[in-house]
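Bear in mind that the values in this text are calculations on the coordinates, not laboratory data. These figures come from a predicted structure and were not determined experimentally. Cβ placement follows ideal geometry from the backbone for every residue including glycine, while neighbour counts extend to all protein chains displayed.
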Amino acid sequence: MNSLSDEKKTLRKEYRRRRDSFYSQLDPATKGLAFRRPPSPLAKLIEQSRIIAIYSATGSEAPTTRLIEFLIESGKTVCFPAVVGETELAFRQVDSLDLLVAGYRDIAEPGATCPAVAPDLIIAPMVAFDRSLGRLGQGGGHYDRAFEKHPEATRIGLAWSVQEADHIPMQPHDLPLDMIVTESEIIQKADS
């Protein structure tokens, strides 16, 4: 490897493979129970937030359906990312999951008629993470730009424990998360 970009590309390939393998071995009951209700530290952050951005999980990503239901039941304003152009995320409010349509790379996102909002808390997907709260995303930089655009928003990563890496190489534009939630653990800043 001669560049950070190549290193990240290699890590993405390896951790996608690990995640897919792990997920394929889970029984349906375990898949259904994982991430069902937020653990106490995340529940506290949710309680303190008004507008919460979350993603619609695909494939072997940490599931979000039950968490989305919890947010709606809790009366929170829920928004989802929508890719605008090819590089930016806009967070758009949805009152019903029926408002999600196939968008960028066939990922469910709100239609253009859904209002744009600024989230207080962003729950983001990831390919890998480390104990320093580093996040390795899909490689398009969408969430990096969204984190920069919404610097006051609390940044939460959702992942399976098997996605933990020893070290995630970070570039100057990469912002660490405030908390990572897996099916078995919560990792957060020491001062949290």
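Numbers below:
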{"quantity": "Size of charge dipole - the chain - debye, nearest 20, with Cβ of Lys, Arg +1 and Asp, Glu -1, no other charges", "calculated": "200 debye"}
{"quantity": "Where a label projected 7 Å from the Cα of R16 along Cα→Cβ would reach, residues of the range 120-159 with amide N under 17 Å", "calculated": "125-129, 136-143"}
{"quantity": "Cα-derived Rg over Rh, computed across the range 4-188 with Rh taken as Kirkwood radius", "calculated": "0.93"}
{"quantity": "Positive dipole terminus of the chain, leading residue within F147, P176, P39 (C-beta point charges)", "calculated": "P39"}
{"quantity": "22 Å Cα-Cα reach of K189 towards lysines, excluding residues that sit fewer than 8 places from it in its own chain", "calculated": "K44, K149"}
{"quantity": "Cα gyration tensor shape for the range 111-163, rounded if a/c is under 1.5, else prolate or oblate", "calculated": "prolate"}
{"quantity": "Rounded Å value of the spacing that divides the Cα centres of the range 144-192 and the range 15-83", "calculated": "15 Å"}
{"quantity": "Computed lengthening from D6 to R66, 0.36 nm per intervening residue step minus Cα-Cα distance", "calculated": "18.1 nm"}
